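Nothing in this text is a laboratory measurement; each read-out follows from the coordinates by a stated rule. Everything quoted here is computed from the prediction, not taken from an experiment. Heads up, the Cβs are rebuilt from the backbone with ideal geometry, glycines too, and the neighbour counts pull from every protein chain shown.
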Amino acid sequence: MYSILNSCCVPDLRLEKMLRILQESQKGRSIDEAVSNISKDYDLDPNQDLNKLNDETAEQKEQIMDDTFQKNQLKPGDPGYEYDKQVDFDTAEKLEAGWDSSEEDFWS
């Protein structure tokens, strides 16, 4: 039964999260408390160094990133989809860095 449900349409990560919430609620916590406790494990911190995590935790964070990407990805037929969209990322001010100076400066 699990493999049928799992392969059908519910992502592994979502099943795991729901089961952990259920386990927390069985311990006597309210659903809101359980969700807030569990969500810490499933949130991504952009300042966290993923290289310092153990393999299991790093794999879990990678799965979260993959799921988030899949959720936000625009595919042909989706509203707002644009083929070969190009975005110009010019900023108002150009920042100078010594390592990317022009070639003329290099030979002087």
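How many of the residues making up the stretch 40-57 are in a helix (DSSP H, G or I) and surrounded by 12 or more Cβ atoms within 10 Å (Cβ to Cβ)?
4
Collect the residues in the stretch 33-91 that are aliphatic (A, V, I, L, M) and within 21 Å of L22 (Cα to Cα), keeping them in residue-number order.
A34, V35, I38, I64
Could you list, ordered by first residue, the pairs with Cβ atoms under 9 Å in which the first is in the stretch 51-71 and free of Cβ contacts under 8 Å to residues at least 40 places away in the same chain and hydrophobic (A, V, I, L, M, F, W, C) and the second is assigned to a helix (DSSP H, G or I) and surrounded by 12 or more Cβ atoms within 10 Å (Cβ to Cβ), at least 6 apart or interchain?
Every condition considered, the pairs that remain are L53/Q60; L53/K61; A58/L50.
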